[in-house]
Every structure is written in structure tokens, then in C-alpha cells.
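Asker: This is the structure I have questions about; it appears just below.
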Amino acid sequence: MPLGRAFTARLLRMIALWLFAACALPFAARAQYEIGAPGFNFISFAGAPFAPGGLPAVTTPQFAGVRALAAGSSARAATGTVAQRFPSAVYIDPTTGQATGTVIALNRSSVGSVFAIGVPRYFLGDFITPPAFQINDTTLADSNYWRPKPVEPGETFQEIISGVTTATVPIAANTTVNYYYSPHAERVFAAQSGRVTITWVARTPVNGRFLFKTESFVVSSATQRPVRTIYWTERSFSAPPINIPTGSIQTVNPVYNAQVPAIVA
């Protein structure tokens, strides 16, 4: 092949590779935070499917679905009283059912569709803290309000109900928890990614009854902790073992989860 043609062919290959890399980078970055959903016609849930319209005419195969992304309200008139300018209603006394004469006006509102469902509250390996508020969800809880140890499966609480001592078991004994409580650190660790449910109990009973609060949240599969590499060392594996410093560390307690079970085939 002549030198000019070889150089031209090599140049064209370099340009093609550069264009491919330039096009791939935006898609790779966007894929990190992409939410996919099938094409549903949500309006059809309430009745007949919504018929598309407009010009040019829309054919059926082109219509995949409809979804509201945002909405809002504002003033409906430029002049007049507040009740005339904005959407309003007369307040009804809930005890008597009579109109009070007080007008409630909606000056402004906005509604948006969710962008991400199940945003994680914790990363894998994070400390899971007790609720920030007391059982009424309004009063801040100090460090002595909630017990640092969550309710265990099968744990029994002796309560006084109507003057009778009753054994209460908030969580069934056969329940598998998806977190880890360290009795040495007296803290809860996020040891399992996905949906996590924890039941907390207040330290002090009220009127003979314990106060329980159940929280459900999402734990990310990513972590903010330093990642360490370990190897299989048993049977046919001959990887290097992990050297544990003597003195500062006395016992290593592996914490298993659904991704890293205690026993594998």
C-alpha cells in the first residue's frame, strides 16, 4: 500500500476511535444515575386508555404512555381581595361542622414527580443512629431516650396493661435482621444493602408500657469506608493470609450478609 494511503487509513481509524470515545463518555456518566421505567399509560388505571391527539396525527404504536412531571398553582386574578385573587375556601369548624368565616387562601403551590425512588439513608458499613425524635415525632430525643440496642427477634418485654402484667414480643423469634449490633461498641452497623427495618425501644416505660418505634429505610450497596481485600485460603486455595496485629485486636468477628454468607458451596 502506498505511504499516502496507509497514512490516510491510519488517520481515519484514529478519528473513528476518537469519535466513539467522545460519544461513549456522556452515556457512561448518565448511566450512573438513570432510572428506567416501562411505558405505562397511567391514565388507563382509572378507566379507558387516554386517546392521543394533536397535529400531526399520532398513531397508536407511537403512543407509549403519559405521565405528569410537575404541576403548580398561583394567582387566578390580578385584582381583588386575597380570597378572589387566589384559590380559597371557608374554614369549617371540625367540632361543629359550621363555617367559621375564616378564609384559607392558597397563594402558591408546586408538585413534582419523584426523580429517584428509595434514596439510601446510609452507606454500607455506616453507623445507624436511633431516631432523632421521641415517640411523638415532635420532641427531640436525647442520648438516653432510646436504647442503643434495637429490639431483638423473640425479645420479651413485661408490660402492665389494664393492671395485668403481659409479655409482649414485638418481633417474632424466627425473624432475620439485616443489620449488625455490636455489643462492644453499643452501636448498630449497616451490614446489608437494600431495605432495612429496625425496631427501637425507649429506655423508660410510660404507664407500664414500653414505647416502640419501627423504621424502614434503604442502605446503599456502596460504602464510604476503606475497602480491604481478603482471599480464600482453605482447601485448594493458597492465597496469603491476613496478619492481625497482636495486642490491639483480640478477636475478629466476621459479619455476614446475603451477599457474603457464612457458608458457601
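The values are calculated or read from the model by the stated rules, or taken from the named source; none is laboratory data. Predicted model, so just to flag it, every value in this text is computed and none were measured. All Cβ positions, even for glycine, are placed from backbone atoms using ideal geometry, and neighbour counts span all protein chains on display.
Asker: I'd like to know if segment 99-115 contains one or more residues that are hydroxyl-bearing (Ser, Thr, Tyr), at pLDDT 90 or above and either in a loop (DSSP other than H, G, I, E, B) or over 28 Å from Ala258 (Cα atoms) (or both).
Answerer: No, the conditions are met nowhere in segment 99-115.
Asker: Which pairs do you get when a residue that is within 19 Å of Glu155 (Cα to Cα), found in segment 193-204, comes within reach of a residue that is in a strand (DSSP E or B) and of a type in the set (D, E, K, R), reach meaning Cβ atoms under 6 angstrom, with the pair 6+ apart or on two chains?
Answerer: Matching pairs, first to second residue: Ile198/Glu215; Trp200/Lys213.
Asker: Here is a follow-up. Exactly one of these conditions fails for Ala173: (1) out of contact with any Ser or Thr (no Cβ under 6 Å at 6 or more places or on another chain); (2) part of a strand (DSSP E or B); (3) of a type in the set (A, V, I, L, M, F, W, C). Give me its number.
Answerer: (2) is the only condition that Ala173 fails.
Asker: In addition: Consider Gly125 against the criteria (1) surrounded by fewer than 17 Cβ atoms within 10 Å (Cβ to Cβ); (2) out of contact with any strand residue (DSSP E or B) (no Cβ under 6 Å at 6 or more places or on another chain); (3) part of a loop (DSSP other than H, G, I, E, B): it satisfies all of them except one. Which criterion is unmet?
Answerer: (1)
Asker: Could you figure out which of (1) in contact (Cβ under 8 Å) with a residue 60 or more places away in the chain; (2) more than 22 Å from Ser193 (Cβ to Cβ) isn't true of Ser221?
Answerer: (2)
Asker: Now, a different point. Residues of segment 210-234 being under 26 Å from the mean Cα position of the chain (by Cα), within 30 Å of Thr165 (Cβ to Cβ) and assigned to a loop (DSSP other than H, G, I, E, B), which ones?
Answerer: Result: Leu211, single match.
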